[in-house]
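Student: Take a look at the following structure, please.
The values are calculated or read from the model by the stated rules, or taken from the named source; none is laboratory data. Keep in mind the model is a prediction, meaning the values are calculated, not measured. Here the Cβ positions follow ideal geometry from the backbone for every residue, glycine too, while neighbour counts run over all protein chains shown.
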Protein chains: 2
Amino acid sequence: MAKFMDVHHGFQNITREQLQQAHDADLAIQAEEGVTFERAWADPESGLVYCLSEAPSADAVQRIHERAGHRADEIHMVPLSL
Amino acid sequence: MAKFMDVHHGFQNITREQLQQAHDADLAIQAEEGVTFERAWADPESGLVYCLSEAPSADAVQRIHERAGHRADEIHMVPLSL
């Protein structure tokens with residue numbers, strides 16, 4: 001298991017409710033890939049969304065995000081965290 | 001006060017000790033700009049470093065990072081967080 005930071009583009013004007021719904025869609029199926037989404041942050045102005053997860057692989061993170069309807073544009077393992 | 005996610009490029013092969021030292025350099029002076037750095041994550045392979053902070057402005061975050069010797073390449077306010 002490792003930590004991953006993934007990034008989504010194009011979420012301009014996202015609301016708190018929409019971010020929560022997207023996150024909940026991940027949480028509902030994350031166990032099927034052994035993924036735990038821990039945090040999510042969004043900037044409605046730039047449209048960027050960041051998600052922090054613990055997962056067996058970047059592919060596992062992407063499979064959950066794809067099935068939940070929001071494929072990540074970037075996924076980076078972040079083995080160092082403070 | 002708002003939350004900010006900032007991104008640094010070019011930290012390929014960064015070690016845990018180097019990440020901690022860079023973070024400590026921020027912490028040592030952050031109060032002078034009213035900034036609180038909360039978390040930092042690094043991917044030594046891509047060289048990406050992410051920092052999460054609470055601050056009065058993106059400029060305040062950048063002033064601390066610059067004075068600590070590591071200017072951020074991107075700083076995004078993240079008013080939505082889960």
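Student: Could you check the range A:23-39 and list, in sequence order, the residues that are loosely packed, with under 13 Cβ neighbours inside 10 Å and in a strand (DSSP E or B)?
Tutor: Within the range A:23-39, just A:GLU38 meets the criteria.
Student: Could you tell me which residue of the range B:40-63 is nearest to the other protein chains (Cβ to nearest Cβ), considering only residues that are part of a strand (DSSP E or B) and among the acidic types (Asp, Glu)?
Tutor: Filtering first and then ranking leaves B:ASP43.
Student: Can I ask one more? Could you list all residues from the range A:12-22 that are surrounded by fewer than 19 Cβ atoms within 10 Å (Cβ to Cβ) and either aromatic (Phe, Trp, Tyr) or within 19 Å of A:ARG67 (Cα to Cα) (or both)?
Tutor: A:GLN18, A:GLN20, A:GLN21
Student: Now for a different question. Between B:HIS76, B:HIS8, which is under 10 Å from the mean Cα position of the chain (by Cα) and on the phi < 0 side of the Ramachandran plot? Full working, then the answer.
Tutor: On the way: B:HIS76 fails: under 10 Å from the mean Cα position of the chain (by Cα).
Testing whether each residue is under 10 Å from the mean Cα position of the chain (by Cα) and on the phi < 0 side of the Ramachandran plot leaves just B:HIS8.
Student: Next question, about the same structure. Taking the condition of being farther than 14 Å from A:TRP41 by Cβ and surrounded by 15 or more Cβ atoms within 10 Å (Cβ to Cβ), how many residues in the range B:62-82 meet it?
Tutor: To start, the set of residues in the range B:62-82 that are farther than 14 Å from A:TRP41 by Cβ comprises B:62-73.
When the remaining residues are screened for being surrounded by 15 or more Cβ atoms within 10 Å (Cβ to Cβ), the result is B:62-65, B:67-68, B:70, B:72.
Counting residues in the range B:62-82 that are farther than 14 Å from A:TRP41 by Cβ and surrounded by 15 or more Cβ atoms within 10 Å (Cβ to Cβ) gives 8.
Student: Turning to a different aspect of this structure: Using beta carbons and a limit of 6 Å, which pairs, at least six apart or on different chains, have the first residue in the range B:1-20 and over 23 Å from B:ALA60 (Cβ atoms) and within 9 Å of chain A (Cβ to nearest Cβ) and the second one surrounded by 13 or more Cβ atoms within 10 Å (Cβ to Cβ) and of a type outside the set (Asp, Glu)?
Tutor: B:ILE14/B:ALA42; B:ILE14/B:PRO44; B:ARG16/A:LEU80
Student: Hey, can you tell me all the residues within the range B:40-57 that are more than 19 Å from A:LEU52 (Cβ to Cβ) and surrounded by fewer than 15 Cβ atoms within 10 Å (Cβ to Cβ)?
Tutor: B:PRO56
Student: Across the range B:23-47, which residue is modelled with the lowest pLDDT among those that are among the small types (Gly, Ala, Ser) and over 14 Å from B:ILE64 (Cα atoms)?
Tutor: Within the range B:23-47, the match that is modelled with the lowest pLDDT is B:SER46.
Student: Here's something else I'd like to know. Of everything in the range B:38-53 that's free of Cβ contacts under 8 Å to residues at least 24 places away in the same chain and hydrophobic (A, V, I, L, M, F, W, C), which residue is nearest to A:ILE75 (Cα to Cα)?
Tutor: Looking at residues that are free of Cβ contacts under 8 Å to residues at least 24 places away in the same chain and hydrophobic (A, V, I, L, M, F, W, C), I get B:TRP41.
Student: Within the bounds of the range A:25-32, is there any residue that is touching a residue at least 40 places away in the same chain (Cβ under 8 Å), closer than 24 Å to B:PHE4 by Cα and within 11 Å of the chain's Cα centre (by Cα)?
Tutor: Yes - at least one qualifying residue is present in the range A:25-32.
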